[in-house]
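The values are calculated or read from the model by the stated rules, or taken from the named source; none is laboratory data. Note that the structure is a prediction, hence the values are computed from the model and not measured. Virtual Cβ from ideal backbone geometry, glycine too; neighbours counted across all protein chains shown. With ligands, DNA and RNA removed, areas are computed over all heavy atoms of the protein, side chains included. Shrake-Rupley method; radii C 1.70, N 1.55, O 1.52, S 1.80 Å.
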Amino acid sequence: MPTALTRILLGLLLLLPLTASANEADAFVAANPAKQAKLLQDWAAAPVPERLPLLQALQQGRVAGDADKRAFIQRNDAWQAADGQAQPNGTPRKLRLNNRLRGLTATALASHQLLDKDAAVRLDAAQQLQRNTPPALLPLLESRLAAEEDERVQDALTLALANLQLAAEDPAVRLAAVERLGQTGDPLARTRLESLLTGEESDAAVRSAAEKSLAQVKNKLLVGELLGQAFSGLSLGSILLLAALGLAITFGLLGVINMAHGEMLMLGAYTTYMVQLMFQRLAPEYLALYPLLALPIAFLVTACIGMALERTVIRHLYGRPLETLLATWGISLILIQLVRVTFGAQNVEVANPYWLSGGVQVLPNLVLPYNRIVIIGFALFVVALTWLLLNKTRLGLNVRAVTQNRNMAACCGVPTGRVDMLAFGLGSGIAGLGGVALSQIGNVGPDLGQSYIIDSFLVVVLGGVGQLAGSVTAAFGLGVLNKFLEPQIGAVLGKILILALIILFIQKRPQGLFALKGRVID
Amino acid sequence: MRAAPIPEAMLDAAAGVAGLALDTGKTVGKGVNVRHGTILTLEAINVSFDGFKALTDLTLYIGVGELRCIIGPNGAGKTTMMDVITGKTRPDNGVAYFGEQFDLTAMSEVQIAQAGIGRKFQKPTVFEALSVFENLELAQKTNKSVWASLRATLTGEQKDCIDEVLTTIRLDASRHRPAGLLSHGQKQFLEIGMLLMQEPHLLLLDEPVAGMTDAETEFTAELFKSLARKHSLMVVEHDMGFVGSIADHVTVLHQGSVLAEGSLEQVQNDERVIEVYLGR
Amino acid sequence: MTMPLNQTLLARATAKLGPQVSLALGLLVLAILVAMPLLHLLPADHALHVSAYSLTLVGKILCYAIVALALDLVWGYAGMLSLGHGLFFALGGYAMGMYLMRQSAGDGLPAFMSFLAWTELPWYWYGTSNFLWALCLVVLAPGLLALVFGFFAFRSRIKGVYFSIMTQALTFAGMLLFFRNETGFGGNNGFTGFTRILGFDITAAGTRAALFIATVALLVGSLYLGFRLARSKFGRVLTALRDAENRLMFCGYDPRGYKLFIWVLSAVLCGLAGALYVPQVGIINPSEMAPTQSIEAAVWVALGGRGTLIGPLLGAGLVNGMKSWFTVAFPEYWLFALGALFIVVTLFLPRGVVGLLKKEKEQ
C-alpha cells in the first residue's frame, strides 16, 4: 500500500507530535475488535499525553474510518484525519464499540488522565481506575502513587492499587493490599473486601487480615452513614416542619384540620415555577435569584387563597370539625384538578440555581447537598419568625388568646373573626413557603401536597396542639426516626412502624409531647 | 310550679339499694362496705397542674346518709376534688376510698360509676338526641355491658321505675320529647333524674340549682333532703340560700384544702372564712 | 361537637315519611334489584335483556352501598368518622381474590408469583384454595385489623379528627404495603384475570346473576341488622356516646366496648362487600386503599343523610351514578363536581337528602 505508506511518512515528517496517535488511530481503525482491545490495554499501561485527544474522541464516539481504513476524527461537524491533512475517501463511517471496548476505553482514558495537571481530573481518573482495572496497570499505578502529591488523589490511587494487588499471586502482596484497604474509609473498599471474603481468597492469613480490615472500614463508614442518615432525617424533619407549622397554628386555633393544607404546599411550589418562568423571560441574567423572589410571592398567593377559603367555607363550619374535614378535602380535590387542567398532569421543571446545586463532601461516603442545608436553615428561620409573630405582636397575642379560650377572647373585644382569617392566612402562607422549599428538592406536580397532610398531622398529634416547641421537636424527631428506620426495614415498613409507635405513644400521652395539663371543663 | 312532696313509694324505688351495703341481684357494682360509717374518705390529696397546686393536702370524710355542702371561692378546688373522686383526674398522692374497699385512685371512671358514685356536671349534660324516657332508660341501674345492651328489653318493673322518676322530676308530659329541646332547668332535673335511676350510694352534685327558678330551687332542696337519709350527697353550690335550706354540715374549701367545717352558722362566723370571702 | 340529630331511627324517619309510601318504594326497588339478574339470563337480543355491563355497574354500586351503610353505623350513629374504610373493603376483596387466583392458577402458583420467581406460596396463602377458609379470611382479616386498631385507638380515647386522620394514615400505610411486590399480593397490579369461582365460569350469565343476588341479599341483611341495632338499647347507647361520651361514662357504661363492637362489625361488613365486589368487577388492586376512595365513601353517607339507614344507600347510588355519567361525558370535570359536592353537602345539606325530604314533608 504505497499511498498509505507515503501518508505515514508525510505525517512523520510534518506533524511529529501527532504522529504516534495518527499511526495508532489508523491502526485502531483498521484492527478487528480483538486487536482493538489489545491496543487499548497496551495504551492504558503506557500512557502518553499525545494520545489523550484520540481516547477522548473514542469515548465520545467521534472516531470514524473511511474506505481506506484510515482514521478520521469528527471536530465541529467536520472530518479531520488523525494526521490532520488527508481527505476521506468516501464518507467515513463511525466506529461502533462494543461494551467491552467501551469499558477498556474508559480505563485507558483514565490512565491517561492520571497525568493531567488538574488534581480534580486526576481524582476522577483514579476513582475510575478503582473499578475493573487490568493487572497490567499495576506498575503505572505504583509510579503515579509515588509521584502524586494531592492527598485525596493519593487515597483514591491507594484504593485502586490495593484492588489490583488483591488479585496478585503472592499472598504477601495480597496481605499488604488488604491492610491498605483497611486504612481507607471508602464504600468501594468495603464491597471489595466483602467479595474477597465470600469466595476467592484461600490464604488464611489474608482472610483474617481482610476480616480485620473490613471491620475497620465498616467502622469508618458507619460514622459517615450515621451522619448521613441523621442529616437526611434533619432534612426530612425541616420539610415536615414547614408543612406542619401552618397546620399546627390553624388546628390549635380552630380545632379543624384543613385537608387542603397540602395543596397550599403544592401551590407554593407552582408559584415558584411561575416566578422561575418569569425570570427566564424577563430577566435571564438574574435567574439565579428567582427563589428569593418566589418566597414573598408564594407567601402572598397562598395566604390570600387561605383567607378566601376561611371566609367562604370554613367560617360556616366552626364547631363541626368532621364536616370541615370533608369540605376542605373537597377544596383540595378542586385545587388539584385546577392545577392539573392548567399546567398539565406532568411534573413541571423547577431547576436549582447554581448556589443551591452541588454539595459539600464531608466524608468519602457523605455529601451534604447545599439545597438541603439551606432548607434546614430556612425552616428554623421560619420557626423563629413565627415565634416572634405569635409572641411579640398584637396579632400573635390575639391568636394565642383565641386558641386558649375563644369565648373569653371574644368577650374581651378580640375580633375573633378577623383573627381566624389572619391566622388561617398565616398558616397557609407558611405552607406556601414550604412549597418553595419543596420545589428545590423534589418533583413539582399536582399531587405534591397529598402525601404531606398525613405526615404533618402526625407531627401535630405528636407535638401537641398549639405548641411551637412541640411541633419542632416532633418534626425533627419523626424525620430522623424515619431515616434511621428506612435502611433497616425499608421505607414502607418504617412508615407503618412509625404509625404504630405514634398510636402507642398516644396511649401514654394523649395530649402530645408538650401539652399543658389542666382541668378539662365539661 | 307546684312543689309537691315526693311520693314515698318512688323514693324507695329510687333509693333502691341505698340501704347500707345492700346488693340487689343483677346490679353490677359490688355492695359498698361502710362498716365505719364513712362512705367517702379523702386523705392528704395533692393535685398539681404544671406547678399550680389545685389541691393541697385535702382531707375530707363524708358519712353514710350525710348531705354535705361544699362552698368556697372560685379556684378553691371544688371541681378538681370531684374530678379526683370520679376518676377523671389522678391525684399526685394521697388516699381516696369509697366505703372501705374501693380505692378510687386505682379505678377507672366507669368502674367508679358502676361502684355507685353518681355525678352531675356543672353544665347539664344529657343525651340531646334521645328522648327524655330514653335518657332515663340508659341511666337505669342494670347490666351495662355490650352484650346485655344488644339483647336488652325493658321489663314492666323497669318501666314503672322510669315512670316514677319521670313523675318525680316532673317531666312526665315531655317523656317523648328529645332532651335537646328541654329548657335549662328541665335539663338540670333530667340529669338529677338520671342520677336517681343509677341508684348510686354517693351523689356528687356540681351547682345543681344554677339556672333554676326559685320554685324549682325550693323543690330541689326538698328532693335532696328526702334523698339524704338513704343516699349520701355532696353538693357544691354558690347559692347560700339554697345551702342554708338543705345543709346540716358545710365544708369550706380554700386554695385546695379545707378551711373550715361545721354547721352553716358556724362557718359563716368563722374569722378566716369571712376573710377569704370578703378579702382582707 | 356534633349537631343534634334527631332522626336517629329509621322507624322515626319512616314514621314521618309515611310508612306505607316508603315501604312501597322499598319493595319496588327490591323487586327491580331481584328482577335485574333474572332479566340478564334472557338471550342477548331480547328486548328486556339487561347487559352484563349494567349488571356489573349496579352490582358494584350495591357493594358500595353496603360500605356506605357500614360507615354510617360508625359515623352517623357512633360519631366516629372513619377515613379508612376502603382498607377493610380491600382486605375482604383481597381475601376473596386469593381464592380466585388459586382457582385460575390450578395446581400451580398464581402468575404474578411466577414472575417474581417465587417457588412456593407465602404462609398466609395457606388454605386459600378452600372457599370456606377464604370466606373466613374475608371476615377475619378486616375484623382482626379493626379489633387491634380499635382496641388501641379507643383505649387512648382518640376521637374526632384525630381518629379520622389516624384511620386515613392506616389505610395509606396499607396501600403502601400492598404496593410492594414482596408483600405477596401482586403489587401494583393486584389480582386480576379470574376465571372460575366454585368451579363455575366467572363470566357466565348464571354466575353473574348469582353474585348479584348474593349482593342484594347481603345488602338487605345489613339493612335489617342496622335496623335491629338502631332500635335496640345498644343503638341508643351509641347515639348517647356520640353526643355526650363523658355523661355516658359517669352513667356506668364503658364506651370502649361499644365503640369496638360497632367498629369491628362495620369493618366486617365492608370486608364482605369487598369480597362480593371482586368477582363481579374482576379486579382488585391497592388503589382501593387510597385515602381518596375512603373519604369518598364519607360523602356518600353525608349526601344521603347520616344517622339514617336509607340515607347512605341513597347517597352511594347518587354519587356513583353521577360518577359513571360524568366520567363518560366530562371526564375532566368529575373531580370538580366531586369537590363541589363535598362543599355543598357540608355547607347546605347537613342532614343530607333524607333530611331534605323530611323537611319538605313537615312543611
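Could you count how many residues in segment B:43-74 are surrounded by fewer than 20 Cβ atoms within 10 Å (Cβ to Cβ) and either in contact (Cβ under 8 Å) with a residue 60 or more places away in the chain or closer than 16 Å to B:Leu104 by Cβ (or both)?
Kept after step one, since they are surrounded by fewer than 20 Cβ atoms within 10 Å (Cβ to Cβ), are these residues of segment B:43-74: B:43-44, B:46, B:48-53, B:56-57, B:59, B:61, B:63, B:65, B:73-74.
This time we only want the ones that are either in contact (Cβ under 8 Å) with a residue 60 or more places away in the chain or closer than 16 Å to B:Leu104 by Cβ (or both), so: B:43-44, B:46, B:53, B:56-57, B:59, B:61, B:63, B:65, B:73.
Residues in segment B:43-74 being surrounded by fewer than 20 Cβ atoms within 10 Å (Cβ to Cβ) and either in contact (Cβ under 8 Å) with a residue 60 or more places away in the chain or closer than 16 Å to B:Leu104 by Cβ (or both): 11 in total.
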Item to check | Residue satisfying all of: in segment A:462-495; over 30 Å from A:Thr403 (Cβ atoms) and away from chain C (no Cβ under 14 Å); most open to solvent (accessible area, probe 1.4 Å) among these | outcome: A:Gln488
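Let's see how each residue does on (1) among the acidic types (Asp, Glu); (2) facing chain A (nearest Cβ under 7 Å); (3) more than 19 Å from the chain's Cα centre (by Cα); (4) farther than 19 Å from C:Tyr94 by Cα:
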{"position": "C:Ile158", "(1), (2), (3), (4)": "no, yes, yes, yes"}
{"position": "C:Ser164", "(1), (2), (3), (4)": "no, yes, no, yes"}
{"position": "C:Phe179", "(1), (2), (3), (4)": "no, no, yes, no"}
{"position": "C:Asn188", "(1), (2), (3), (4)": "no, no, yes, no"}
Next on the checklist: What pairs come out if I take residues in segment B:134-156 that are facing chain C (nearest Cβ under 9 Å) and closer than 15 Å to C:Leu238 by Cβ and pair them with residues that are open to solvent by 50 Å² or more (accessible area, probe 1.4 Å) and among the β-branched types (Val, Ile, Thr) whose C-beta lies under 9 Å away, six or more apart or interchain?
Outcome noted: B:Lys144/B:Val28; B:Ser145/B:Val28
Checklist entry - In this structure, is B:Ala228 free of Cβ contacts under 8 Å to residues at least 24 places away in the same chain and either buried (at least 16 other Cβ atoms within 10 Å of the Cβ) or at positive phi (or both)? => result no
Checklist outcome for this item: Taking first residues from segment C:318-329 that are more than 20 Å from C:Val301 (Cα to Cα) and open to solvent by 40 Å² or more (accessible area, probe 1.4 Å) and second residues anywhere that are of a type outside the set (Gly, Ala, Ser) and assigned to a helix (DSSP H, G or I), the pairs with Cβ under 8 Å that are 6 or more apart or on different chains are C:Thr327/C:Trp334
Next on the checklist: Given the condition crowded, with 23+ Cβ neighbours inside 10 Å, of a type in the set (A, V, I, L, M, F, W, C), away from chain C (no Cβ under 11 Å) and in contact with a Gly (Cβ under 9 Å, 6 or more places away or on another chain), answer yes or no: does some residue in segment A:269-286 qualify?
Outcome noted: yes
Next on the checklist: Name the residue that is farthest from A:Thr328 (Cα to Cα), counting only residues in segment C:325-363 that are within 13 Å of another protein chain (Cβ to nearest Cβ) and part of a loop (DSSP other than H, G, I, E, B).
Outcome noted: C:Phe330
Checklist entry - Among the residues of segment A:336-352, which ones are within 8 Å of chain C (Cβ to nearest Cβ) and open to solvent by less than 60 Å² (accessible area, probe 1.4 Å)? => result A:Ile336, A:Gln337
Checklist outcome for this item: Pairs returned, first residue in segment C:142-160 that is modelled with pLDDT of 95 or more, second residue that is of a type in the set (Phe, Trp, Tyr), beta-carbon separation under 6 angstrom, 6 or more apart or interchain, are C:Pro142/C:Phe88; C:Ala146/C:Trp263
Checklist outcome for this item: In segment A:447-487, residues that are within 18 Å of C:Thr292 (Cα to Cα) and either in contact with a strand residue (DSSP E or B) (Cβ under 7 Å, 6 or more places away or on another chain) or not in a helix (DSSP H, G or I) (or both) total 5
Checklist entry - In segment A:428-442, is there at least one residue being surrounded by fewer than 21 Cβ atoms within 10 Å (Cβ to Cβ), within 24 Å of the chain's Cα centre (by Cα) and modelled with pLDDT under 90? => result yes
Checklist entry - in contact (Cβ under 8 Å) with a residue 40 or more places away in the chain and not assigned by TED's automatic domain parsing to the domain that holds A:Arg372, is that true of A:Gly432? => result no
Checklist entry - Mind checking whether some residue in segment A:78-87 is under 27 Å from A:Leu129 (Cα atoms) and in contact with a Leu (Cβ under 6 Å, 6 or more places away or on another chain)? => result no
Checklist entry - In this structure, is B:Lys187 buried (at least 20 other Cβ atoms within 10 Å of the Cβ) and basic (Lys, Arg)? => result yes
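Taking the conditions exactly as written (under 16 Å from the mean Cα position of the chain (by Cα) and open to solvent by 10 Å² or more (accessible area, probe 1.4 Å)), does C:Tyr64 satisfy them or not?
Numbers: under 16 Å from the mean Cα position of the chain (by Cα): yes; open to solvent by 10 Å² or more (accessible area, probe 1.4 Å): yes.
Yes, satisfied.
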Checklist outcome for this item: Of the listed residues (C:Ala141, C:Ala95, C:Ala134), the one being under 19 Å from C:Ala275 (Cα atoms) and touching a Cys at 6+ places or on another chain (Cβ under 9 Å) is C:Ala95
Next on the checklist: Could you go through segment A:316-326 and let me know if any residue there is part of a loop (DSSP other than H, G, I, E, B), among the aromatic types (Phe, Trp, Tyr) and touching a residue at least 12 places away in the same chain (Cβ under 8 Å).
Outcome noted: yes
Next on the checklist: Under 6 Å between Cβ atoms, which residue pairs at least 6 apart in sequence (or on different chains) link something in segment A:376-399 that is without any contact (Cβ under 8 Å) to a residue 60 or more places away in the chain with a partner that is β-branched (Val, Ile, Thr)?
Outcome noted: A:Asn398/A:Val414; A:Asn398/A:Val419
Item to check | Residues within segment C:127-156 that are outside any helix (DSSP H, G or I) and more than 7 Å from chain A (Cβ to nearest Cβ), tallied | outcome: 4
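In the list C:Pro43, C:Pro4, which residue meets the criterion of being outside any helix (DSSP H, G or I), at pLDDT below 90 and either at positive phi or touching a strand residue (DSSP E or B) at 6+ places or on another chain (Cβ under 9 Å) (or both)?
On the way: C:Pro43 fails: either at positive phi or touching a strand residue (DSSP E or B) at 6+ places or on another chain (Cβ under 9 Å) (or both).
Exactly one of C:Pro43, C:Pro4 is outside any helix (DSSP H, G or I), at pLDDT below 90 and either at positive phi or touching a strand residue (DSSP E or B) at 6+ places or on another chain (Cβ under 9 Å) (or both), namely C:Pro4.
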Item to check | Options A:Trp355, A:Trp329; residue that is more than 8 Å from every other protein chain (Cβ to nearest Cβ) and part of a helix (DSSP H, G or I) | outcome: A:Trp355
Checklist entry - Restricting the search to segment A:254-268, which residues are open to solvent by 10 Å² or more (accessible area, probe 1.4 Å), part of a helix (DSSP H, G or I) and within 14 Å of another protein chain (Cβ to nearest Cβ)? => result A:Leu254
Item to check | Selection count, segment A:304-326, where residues are more than 8 Å from every other protein chain (Cβ to nearest Cβ), open to solvent by less than 20 Å² (accessible area, probe 1.4 Å) and of a type outside the set (Val, Ile, Thr) | outcome: 2
Next on the checklist: Here's a check for you: in segment C:190-221, which residue that is among the small types (Gly, Ala, Ser) and farther than 21 Å from C:Ile66 by Cβ is nearest to the other protein chains (Cβ to nearest Cβ)?
Outcome noted: C:Gly193
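For segment C:303-313, name all the residues that are open to solvent by less than 10 Å² (accessible area, probe 1.4 Å) and on the phi < 0 side of the Ramachandran plot.
Pass one, segment C:303-313, residues open to solvent by less than 10 Å² (accessible area, probe 1.4 Å): C:304-305, C:307-309, C:311-312.
Correct list: C:Gly304, C:Thr308, C:Leu309, C:Gly311, C:Pro312.
So which residues in segment B:103-114 are more than 9 Å from chain C (Cβ to nearest Cβ) and crowded, with 22+ Cβ neighbours inside 10 Å, if there are any at all? Quick ask: steps written out before the conclusion?
Within segment B:103-114, the first condition is being more than 9 Å from chain C (Cβ to nearest Cβ), and the residues that meet it are B:103-107.
B:Leu104, the sole residue that qualifies.
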Checklist entry - If you scan segment C:81-132, which residues turn out to be of a type in the set (A, V, I, L, M), without any contact (Cβ under 8 Å) to a residue 12 or more places away in the chain and open to solvent by 50 Å² or more (accessible area, probe 1.4 Å)? => result C:Ala117, C:Leu132
